Amino acid sequence: MIDQLTIDKIRDTAQIVDVVSEFVSLRRRGQNYVGLCPFHSDKNPSFYVSNSKNICKCFSCGEGGDPIHFIMKHEQISYMEAIRWLAKKYGIEIKEKELTEEEKNAQNAREGMLRVNEYAMSIFENDLYETQEGKSVGLAYFRERGLQDATIKKFHLGYAMESKTDLSSKVIKAGHKPEYLLDPTEKKPNGVGLCYEDEKAHQYICRFHGRVIFPFMSLSGKRFAFGSRMLQRVDHAFKKYVNSPESPIYHKGNMLYGIFQAKKEIAKQDKCFIVEGNVDVISMSQAGFENVVASAGTALTTKQIHIIQRFTSNVTLMFDGDEAGIRASLKTIDLLLLEGMHVKLLLFPDGDDPDSFCRKYSTDQIRKYFEENEQDFVAFKANIMLQGNAKFDPTKRA
């Protein structure tokens, strides 16, 4: 834990104009500074920064505060994460209380797992662009799906080489502990599941070999896990989609795919689109709708809803227009309503999902479709219930 003297020093050192200027273009107006508010769609500068009071305030949306609060809100991070952010900016050494041996071991293991994931992601990204196999297989797939280089890099997409031991050999050679690569077990509890062990061959086999990679990132940008899609193999023994197993640092019910990239736009738009798949998120973001997340391969959970609530209480569910998509949306609506969210629904035409729809039409056409077809949950449920025999049966209709 960071001691109070260090926190006080950071509070005394951090200057609001200096901090806000990293994210907002400010110009002087009298004794204050003014710029466009980063927390809502601001067309006329309404965000004022006072150097003498060391605070900021938007006179349109009301958001404001000291440097710590500004960083918490803008970066959507916790108080302690904001303290660390400012300490790094100003070169202030963080002094923390002495940890017990058990706490040190747990902290070291967590940091080791995060470092392994970080290093693995750098390998996947590098191999996508810098190897012949990565370019001809992985990059070709992404470009076939219409993804631009800027989008690929924004979401840190990558490629795992077909060689089963390529990843483990590079990770171990870089000095990372092999135990961090493996599935978490009773004997090896500190693994992230990047690899599994072939005990006979004494090798660590990459779980994702020959697949394109989708990193799952936390609110603060830490790489907690990976999703993958099979490309070349057609053997039905292989699953088309494979994700990291749950580990000490990754619980799929606590993770939203794309939240790191979307958080600022969700807060700014005061609205979040929820889709089903990773590629749906990426395609919508590329089409200009950046306030979008996916539930990362699981039905939407209460914890995932609480993450969204940090930015907005307004959500629009986007599902395929088939029967399965409708059933999924009905279950999710009830959960969102229980958590006090304001819910709308949008179904795509049969045969389309957010990914395919966004690749067919321009941004203006997509926006028009959204505006004309978005409906509140009451109308949606009523329309669903009135389908079939209900429209002929007065009791069911009532």
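So the values come out like this:
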read-out: For G191, distant residues with modelled amide H under 5 Å away; value: T185
read-out: Dipole moment magnitude, nearest 20 debye, the chain about Cα centre, only Lys, Arg, Asp, Glu C-beta charged; value: 620 debye
read-out: Within straight-line cross-link reach of K187, lysines at Cα separation under 16 Å, skipping those fewer than 8 residues along the same chain; value: K177
read-out: Karplus 3J(HN,Hα) series, Hz, for the stretch 26-41 with 6.51 cos²θ - 1.76 cosθ + 1.60 (x for Gly, Pro); value: 10, 10, 6, 9, x, 7, 10, 10, 9, x, 6, 5, x, 9, 7, 6
read-out: Relative contact order (percent, whole number), the stretch 50-173, Cα cutoff 8 Å, 6+ residue spacing; value: 16 percent
read-out: Average accessible area per residue (Å²) across the stretch 69-136 - probe 1.4 Å, nucleic acids and ligands excluded; value: 57 Å²
read-out: Expected-Rg normalisation [2.2 N^0.38 Å, Cα atoms] applied to the stretch 219-378; value: 1.03
read-out: Principal axis dimensions, largest first and in whole angstrom, of the stretch 1-101 by Cα; value: 54, 24, 18
read-out: Backbone HN-Hα couplings from phi across the stretch 252-267 [Karplus 6.51/-1.76/1.60, Hz, Gly and Pro as x]; value: 4, x, 9, 10, 10, 6, x, 5, 4, 6, 9, 4, 5, 6, 4, 5
read-out: Value of [θ]222 nm, deg cm²/dmol, for the chain, DSSP H segments ≥ 4, -39500 (n - 2.57) each, nearest 500; value: -12000 deg cm²/dmol
read-out: Estimated vicinal HN-Hα couplings, Hz - the stretch 5-16 in sequence order (Karplus 6.51, -1.76, 1.60; Gly, Pro = x); value: 4, 5, 4, 4, 5, 5, 4, 6, 7, 5, 9, 4
read-out: Gap separating the Cα centres of the stretch 79-132 and the stretch 139-156, nearest whole Å; value: 27 Å
read-out: Shape category assigned to the stretch 28-183 from the gyration tensor of Cα positions, a/c cut at 1.5; value: oblate
read-out: Accessible area of the stretch 90-248 belonging to carbon and sulfur atoms, whole % at 1.4 Å probe; value: 49 percent
read-out: Cα coordinate range in the stretch 130-191, projected on the principal axes (Å, largest first); value: 44, 21, 17
read-out: Accessible surface, the stretch 178-249, averaged per residue in Å² (probe 1.4 Å); value: 50 Å²
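The values are calculated or read from the model by the stated rules, or taken from the named source; none is laboratory data. This structure is a prediction, so every number in the text was calculated from the model and none was measured. Don't worry about glycine lacking a Cβ; one is built from the backbone with ideal geometry, like all the others, and counts go over all protein chains shown. With ligands, DNA and RNA removed, areas are computed over all heavy atoms of the protein, side chains included. Shrake-Rupley method; radii C 1.70, N 1.55, O 1.52, S 1.80 Å.
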